[in-house]
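Here the structure is laid out as structure tokens; the discussion comes afterwards.
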């Protein structure tokens, strides 16, 4: 398949974005992996730089670009080269150029002065196709959701910002997994809570889980976390049953084993400590070991309290409820002033 656009792209960045979006459309339609490294997709640029804005100059073609980065870099270089030539009063030659990625320059391959040099001729094996309106309507109805439609839906349904939405659109498998996770939350939840759970889910998927995947995919056979278990994990974090530090440990174990998060917490003794008397005992030990920090707090350096909270979390191996720990620490420090 070859697709030719009208001359309505105005910058290297826009050309790169167009090629990337076309690549996504191929994948969403499931007609090709469009792997550029394997030659399944190539981009060829026709650049016509005029002396005035909106004016088309002599066409120069850059052939066989095999990465989106090369598309952007080659156009930027060619705009610079042609601009300098025009400013010197030099003639731009209609030609085909190649891209030398190592040197970051385009190089002339062959000149094409007339239309016949392009060897235009009809292809007898490709006859003209005529479609009726009902044929087009039928095809359109069978087309799955495309990237732009998904962007609009994700923003509207899930309230995600542009950056997160773009990641879920670009990483199609991750976006589908995200939707499966969201579907596991009870439909009767309050709107604010469901939006909070959605935001928390997207944060953990895009940061922590992506880090564990290391370039892998949630659709791969080695990925063991079910959407149901991931949704349960998110609810445990949201309800404050585990701290952020414990959450990372639980998620790592889920990634390795595919285990249920509640079972992992129970089996590994990671249940959060919420008993105030137990936390208070730890706080007093931490204060006893850090008299200088306590004195700094009494002198007005209240920011040192964060260091003490860190020490409490370390001593409890991340299991102390951070909100309770903060509340008790400030109460004890205030009394000691």
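Tabulated results
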quantity: Qualifying positions in region 40-66 - out of contact with any strand residue (DSSP E or B) (no Cβ under 8 Å at 6 or more places or on another chain) and either on the phi > 0 side of the Ramachandran plot or modelled with pLDDT of 95 or more (or both); calculated: 54
quantity: Residues of region 257-295 satisfying the condition of being in contact (Cβ under 8 Å) with a residue 24 or more places away in the chain, closer than 25 Å to residue 205 by Cβ and in a helix (DSSP H, G or I); calculated: 257, 261, 262, 265
quantity: Flag for residue 74 being in contact with a strand residue (DSSP E or B) (Cβ under 6 Å, 6 or more places away or on another chain) and either modelled with pLDDT of 95 or more or in a loop (DSSP other than H, G, I, E, B) (or both); calculated: yes
quantity: Hits in region 28-68 - residues which are in a loop (DSSP other than H, G, I, E, B), surrounded by 15 or more Cβ atoms within 10 Å (Cβ to Cβ) and in contact (Cβ under 8 Å) with a residue 40 or more places away in the chain; calculated: 49
quantity: Unmet requirement for residue 185, which otherwise passes all of (1) buried (at least 16 other Cβ atoms within 10 Å of the Cβ); (2) under 15 Å from the mean Cα position of the chain (by Cα); (3) closer than 18 Å to residue 229 by Cα; calculated: (2)
quantity: Unmet criterion (only one of (1) closer than 20 Å to residue 245 by Cα; (2) surrounded by 12 or more Cβ atoms within 10 Å (Cβ to Cβ); (3) at pLDDT 80 or above) for residue 322; calculated: (3)
quantity: Residue count for region 225-256, restricted to those that are out of contact with any helix residue (DSSP H, G or I) (no Cβ under 7 Å at 6 or more places or on another chain), farther than 23 Å from residue 324 by Cβ and part of a loop (DSSP other than H, G, I, E, B); calculated: 1
quantity: Criterion (in contact with a helix residue (DSSP H, G or I) (Cβ under 8 Å, 6 or more places away or on another chain), within 23 Å of residue 170 (Cα to Cα), at pLDDT 90 or above and not in a helix (DSSP H, G or I)) met by exactly one of 25, 9; calculated: 9
quantity: Test: residue in region 69-90 that is under 29 Å from residue 175 (Cα atoms), surrounded by fewer than 18 Cβ atoms within 10 Å (Cβ to Cβ) and within 22 Å of the chain's Cα centre (by Cα); calculated: yes
quantity: Hits in region 130-147 (condition: part of a helix (DSSP H, G or I) and free of Cβ contacts under 8 Å to residues at least 24 places away in the same chain); calculated: 133, 134, 135, 136, 137, 138, 139, 140, 141, 142
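To keep it simple, each residue is scored yes or no on (1) under 30 Å from residue 181 (Cβ atoms); (2) surrounded by 18 or more Cβ atoms within 10 Å (Cβ to Cβ); (3) under 25 Å from the mean Cα position of the chain (by Cα); (4) not assigned by TED's automatic domain parsing to the domain that holds residue 180.
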| site | (1), (2), (3), (4) |
| --- | --- |
| 247 | yes, yes, yes, no |
| 251 | yes, yes, yes, no |
| 256 | yes, no, yes, no |
| 260 | yes, no, no, no |
| 286 | no, yes, no, yes |
| 313 | yes, yes, no, yes |
| 328 | no, yes, no, yes |
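The values are calculated or read from the model by the stated rules, or taken from the named source; none is laboratory data. Because the structure is a prediction, the values reported are computed rather than measured. Glycine also receives a Cβ, built like all others from the backbone with ideal geometry; neighbour counts cover every protein chain displayed.
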